[in-house]
Amino acid sequence: MTVYSSLVSRVDAGALIPEDAAREIVQGAVEGSTIMRLARRLPNMARGQQRVPVLSVLPTGYFVSGDTGLKQTTEVNWDNKYLYAEEIAVIVPIPKAVLDDADYDLWAEIRPRLVEEFGRVFDAAVMFGTNAPAAWPDDLLTAATAAGNAVTIGGVGADLYDDILGEGGVISKVEDDGFMVNGHIAALSMRSKLRSLRSTDGVPLFVRSMQGSNTYELDGSPIYFPRNGAMNAAQALMFSGDWSQVVYSVRQDMTYTIATEGVISGDAGAVVINLFQQDSVALRAVMRVAWQVPNPINRVQGTAANRYPVAVLLPA
């Protein structure tokens, strides 16, 4: 649903306009993109489209029969994968009277939230295809499932340990395709599932001390639990993969523009806010970014349709 009529009103910013309140704004942890934290960043794009050559056919060697045997030939082929930069943007209008009366720098409070939101939008599009541009590749959930790299919780062995680390588990799916898992992205609910895992002697596998903080790792690889709202536990509980095979590139870093003149209109062209006439200020944030999974051929799995560097743990 497109929205053009939202603005930060006096009611919305009322908590920042001081009465006798303490000068402290309690905010949640501001998080950016977990995908960008794990994936491999390519050099910035010089234009809206970038081509990435990907190895598609490996060379083949042969034994030579005898001292004068004929040596055979081989070929090596490359395919092209493309990154398409798409724009993420939003406008935040605020009446000047609200800015004047607020005892805080509203822009300084808003900017970190925009960074968090842009990270959520990007992560949700990459992992689940949420509002993803048509030019972007299939999301991780769709592509991993199509390649046979989806495991339903409780569907492999005796417990969650087998679902993740056992034969036929999530990690083995990636390994069977010729890649090595180096990180995981999981829903917050996975923390309690991991804490409840116990050995046959009843000893917790992931909890070393009830007093100290726990380090969440699987097979030596870190697990990230994003809190930006992008992870949808109803669709997927965890993504495990070789994140060096997931690449992204930035065409335009996140930039801000503050305007005091101009109009904001809706789909039908009707003016919703006239900044000059209504004495308002608007902050516009814009970013252009692209991503891709090259998925090059390797010696373990030569069939592209069955090969993918990411596997997913699905809810029951």
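The values are calculated or read from the model by the stated rules, or taken from the named source; none is laboratory data. Please read these numbers as outputs of a predicted model, since none were measured by experiment. Neighbour counts are summed over all protein chains in view; Cβ atoms, including those assigned to glycine, are modelled from backbone coordinates with ideal geometry. Keep in mind that these areas ignore ligands, DNA and RNA; they rest on the heavy atoms of the full protein, side chains included. Shrake-Rupley method; radii C 1.70, N 1.55, O 1.52, S 1.80 Å.
Listed values, structure above:
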item: Accessible area (Å², 1.4 Å probe, nearest 10) - THR257; result: 60 Å²
item: Environment charge at GLU87 (Cβ cut-off 13 Å; Lys +1, Arg +1, Asp -1, Glu -1); result: +1
item: Solvent-accessible ranking of VAL286, VAL271, largest area first, probe 1.4 Å; result: VAL271, VAL286
item: Accessible area (Å², per residue) of the stretch 107-169, counting only protein heavy atoms and a probe of 1.4 Å; result: 42 Å²
item: Accessible area of the chain belonging to carbon and sulfur atoms, whole % at 1.4 Å probe; result: 49 percent
item: Options VAL90, ILE153, ASN295, ranked by Cα towards positive dipole end of the chain, top entry (Cβ charges); result: ASN295
item: Nearest-20 debye value, the chain charge dipole, Cβ charges on Lys, Arg, Asp, Glu; result: 640 debye
item: Trypsin sites (Lys or Arg not before Pro) within the stretch 232-298, DSSP loop, no more than 16 other Cβ atoms inside 10 Å; result: none
item: MET254, MET190, ranked by accessible area, largest first (probe 1.4 Å); result: MET254, MET190
item: Rounded accessible area of LYS193 (nearest 10 Å², 1.4 Å probe); result: 70 Å²
item: Spatial separation of Cα centroids for the stretch 237-302 and the stretch 53-77, in angstrom; result: 45 Å
item: The chain, relative contact order [Cα under 8 Å, separation at least 6], %; result: 28 percent
item: Given 12 as the ceiling on other Cβ atoms within 10 Å, longest exposed-site-free region of the chain for GluC sites (Glu not before Pro) in DSSP loops; result: 168-260
item: Computed [θ] at 222 nm, deg cm²/dmol, the chain (DSSP H ≥ 4; -39,500 (n - 2.57); rounded to nearest 500); result: -5500 deg cm²/dmol
item: Of ILE110, ALA270, THR74, farthest towards positive along the dipole that unit charges on Lys, Arg, Asp, Glu beta carbons give the chain; result: THR74
item: With all protein chains modelled, accessible area of PHE239 [1.4 Å, Å²]; result: 0 Å²
item: Among (1) 22.3, 75; (2) 24.9, 96; (3) 22.5, 90, the entry that matches Rg and Dmax of the Cα atoms in Å as calculated here; result: (2)
